[in-house]
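None of the figures in this text is laboratory data; all of them are computed from the coordinates on show. This one's a predicted model, so the numbers in the text were calculated from it and none came from an experiment. In this analysis, Cβ positions are derived from the backbone assuming ideal geometry, glycine residues included, and neighbour counts consider all displayed protein chains.
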Amino acid sequence: MKKNEIIELKIEDIGVNGEGIGKFEGCTFFVKNAVIGDRVKAVITRMKKEYGFAKAIEITEPSGCRIQAPCGLSSRCGGCQIMEMNYPEQLRFKERKVRMNLERIGGLKNVPMLPILGAKRQAEEPVPLAYRNKMQFPIGPGKNGGIAAGFYAGRTHYIIDTESCPAAPEAANRILQAVRAFMQEQDISPYDEKTGKGLVRHLFLRTGYYTGEILVVLVLNGESLNEGSYAQNVDIDRLFVDKIRSIPLENTGNHEENVNFHIAGICLNTNREQTNVILGKQTRCLYGQPFLFDEIRNRSTGERLCFKISVASFYQVNPRQAEKLYETALSFADLKGHETVWDLYCGIGTLSLFLARKAKAVKGVEIIPDAIRDAKENAERNGIGNAAFYCGPAEEIFPRYAGQKDHVPDAGDPLVVVLDPPRKGCDRALLEAIREVGPERIVYVSCDSATLARDLKILTGGGSSEGEESRAKQEAGKAVYQLEKIRPVDMFPNTVHCEAAALLTRR
Ligand code: SAH
């Protein structure tokens, strides 16, 4: 078997990246654009000794779970990898993925998994759509000297020019179209990653689910749109504001809550670095405010908290599912009122403030200064006085403070740690420090079950690869945790990503 050869095979499984897996003449193939249950004709794209890669070119027998993707770009765009799978199958895939990672990477047996919390669909939707509150559209040179704005093709930096994205709310798509049209009208150059020349790099947008506020940020390789224009005596920045404010947004809001979207702020962000990082350090507000507000509700208690979100701060991208995730994390924390809780990787204090309502004291730690500023303001805005926030890496702040007099809970009061790291998971030093301090419970919220599994292996005491003797020495006095339960939450429908919350208790 070699490259470009055509094979026919049945897809028996799905890999962690959404690719179909099947066998041909005893050899395993990872097949792009195929769904579990499909029989396909595929062209071999790469051969290794033991396995190969292929791309489906014809679906000879479609799987029962295959659907027509509600997006013409789904097979090219890198965003929604499993949009051709019906929603129940997507959820089964995610449950299997989380379980498999915990077993294979975490070495855990009999994983105590609760069923995944799926996203609700509108009646007419085959899969959940328009769920994202944050969009980052790359902008670059298009065909024939034009502009391409939209999405990167899977695993590349090639920009597919896109009219609209079904994962985004309609308002975001209208803004994307208006930005492209404006650049054409004013002859403003897109940024070219290859040469580092050109002006406009990204359109960054956030929408408030409950407030309807929209924050529009145009990321420039410069400080002003005037830098990209030959026109004299015309303020292009001002024209940009007029253009964005004139976009019709009637009936684009959140129909469930009866809110209409409206522009709350328009900003220019400067990023002159040749880097994959989207936002630069400097943001200049042209109109309105350089932040937005949103609410998060706890649907089981009826509580509502209001949050200020600055441009550089993290905020969960799927607001309805985030509420389910937070509710799950809160119920796992099982607070009675006398606990001290460390909320590590706290962002703008979303979970921290819900935790604070039920605990004696909460200490949030976060590395982004703007997010910490937001968190402190958010505590005040919601009248919460028992939450303190610290800026810095969790792996430095927690070991430094957790053992200190002022931070140790009163005798008999329990300590609880909440973790919500980015995809790369927790620093090993933090996990060891947690085991030394020995909180009663750990709630680990994760957006990548592979790193979650790696970290759980350490927390459950199975993570040391040292020899027996030095291992015993190293382990002496450290707490060992047991995984009590884990609940996946589908935060990113149609993608291979899955969020999960896990509860660990000290043995
Ligand atoms: N719990 C928050 C944020 C979770 S995202 C929420 O639900 O909104 C993870 C956060 O960890 C981000 O805000 C990121 O800026 C922060 N972060 C990344 N590395 C960190 C580190 N080493 N120490 C502390 N925070 C970190």
Taking a crude spin-label model, label points 7 Å out from Cα along the C-beta direction, the GLU250 to LYS3 distance in nm is 5.7
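Over 31 Å between Cα atoms: which of LYS32/LYS143; LYS49/LYS194; LYS358/LYS457; LYS41/LYS485; LYS48/LYS134; LYS41/LYS120 fall into that group? Write down the numbers at each step before the final one.
Numbers: LYS32/LYS143 26 Å; LYS49/LYS194 35 Å; LYS358/LYS457 29 Å; LYS41/LYS485 41 Å; LYS48/LYS134 39 Å; LYS41/LYS120 34 Å.
Result: LYS49/LYS194; LYS41/LYS485; LYS48/LYS134; LYS41/LYS120 exceed 31 Å.
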The stretch 334-351 - phi-based ³J(HN,Hα) in whole Hz, Karplus 6.51/-1.76/1.60, Gly and Pro as x: 6, 7, 10, x, 10, 7, 9, 10, 9, 9, 8, 6, 8, x, 8, x, 4, 6
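What does the charge count near GLU227 come to, summing +1 for each Lys or Arg and -1 for each Asp or Glu among other residues with Cβ under 14 Å from its Cβ?
Values: positive: LYS197, ARG201, ARG272, ARG284; negative: ASP187, GLU223, ASP235, ASP237.
Net charge around GLU227: 0.
Which of the three applies to the stretch 360-432, rounded, prolate or oblate, going by the alpha-carbon gyration tensor with a ≥ b ≥ c and a/c under 1.5 meaning rounded? Write out the running numbers ahead of the final one.
Values: a/c = 1.92, a/b = 1.04, b/c = 1.84.
Taking the square roots of the gyration eigenvalues as a ≥ b ≥ c, the stretch 360-432 is oblate.
Kindly identify the chain as rounded, prolate or oblate by the Cα gyration tensor criterion: order the square roots of the eigenvalues as a ≥ b ≥ c, call it rounded if a/c is under 1.5, otherwise compare a/b with b/c, prolate if a/b is larger, else oblate.
Values: a/c = 1.78, a/b = 1.13, b/c = 1.58.
The shape class here is oblate.
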Let me know the shape class of the stretch 278-331, please: from the alpha-carbon gyration tensor, a ≥ b ≥ c as square roots of the eigenvalues, rounded when a/c is under 1.5, otherwise prolate if a/b is greater than b/c, or oblate. prolate
Ranked list, fewest to most other Cβ atoms within 10 Å of each Cβ, for GLU213, GLU170: GLU170, GLU213
Give me the net charge of GLY280's neighbourhood, meaning all other residues with Cβ under 12 Å from the Cβ of GLY280; Lys, Arg count +1, Asp, Glu -1. +2
Which order, highest average first, do 484-490, 273-279, 90-96 follow once you tally other Cβ atoms within 10 Å for each residue and take the mean per peptide? 484-490, 90-96, 273-279
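Pull out the extension gain between ALA231 and ALA153, defined as 0.36 nm times the separation in residues minus the alpha carbon to alpha carbon distance; nm, one decimal.
Values: separation 78, 0.36 × 78 = 28.08 nm, distance 3.41 nm.
Contour length minus the Cα-Cα distance gives 24.7 nm.
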Given H placed on each backbone N at 1.01 Å, which residues far from TYR287 in sequence or on other chains put an amide H within less than 5 Å of it? ILE266
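222 nm [θ] for the chain, helices only, -39500 (n - 2.57) per DSSP H run of 4+, per residue, to 500? List each step's numbers first, then the result.
Working: 10 runs with 117 residues, N = 507.
One gets -7000 deg cm²/dmol as the mean residue ellipticity at 222 nm.
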For ARG201, the residues 5 or more places away or on another chain with a placed amide H closer than 5 Å to its own amide H are TYR191, VAL219, LEU220, ASN221
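Pulled fully out, how much extra length does the chain show between GLN136 and GLN474, if you take 0.36 nm times their separation in residues and subtract their Cα-Cα distance?
Details: separation 338, 0.36 × 338 = 121.68 nm, distance 4.49 nm.
Once the chain is fully extended between GLN136 and GLN474, it gains 117.2 nm.
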Would you please give the residues with an amide H less than 5 Å from that of PHE24, counting only those at least 5 places away or on a separate chain, with H modeled from the backbone geometry? PHE29
The ³J(HN,Hα) series, computed from each phi in the stretch 107-122 with the Karplus coefficients 6.51, -1.76 and 1.60 at θ = phi - 60°, rounded to the nearest Hz and given as x for glycine or proline, is x, 8, 10, 6, 4, x, 9, 8, x, 5, 8, x, 8, 7, 9, 5
Cut-off 14 Å between beta-carbons: net charge of the residues surrounding LYS41, Lys and Arg +1, Asp and Glu -1: -1
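Fewest Cβ neighbours within 10 Å first, please rank TYR51, TYR210 accordingly.
Working: TYR51 13, TYR210 17.
Ascending number of Cβ neighbours within 10 Å: TYR51, TYR210.
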Computed ³J(HN,Hα) along the stretch 309-316: with the Karplus parameters 6.51/-1.76/1.60, θ = phi - 60°, integer Hz and x for glycine or proline, the list is 10, 7, 3, 7, 7, 7, 8, 3
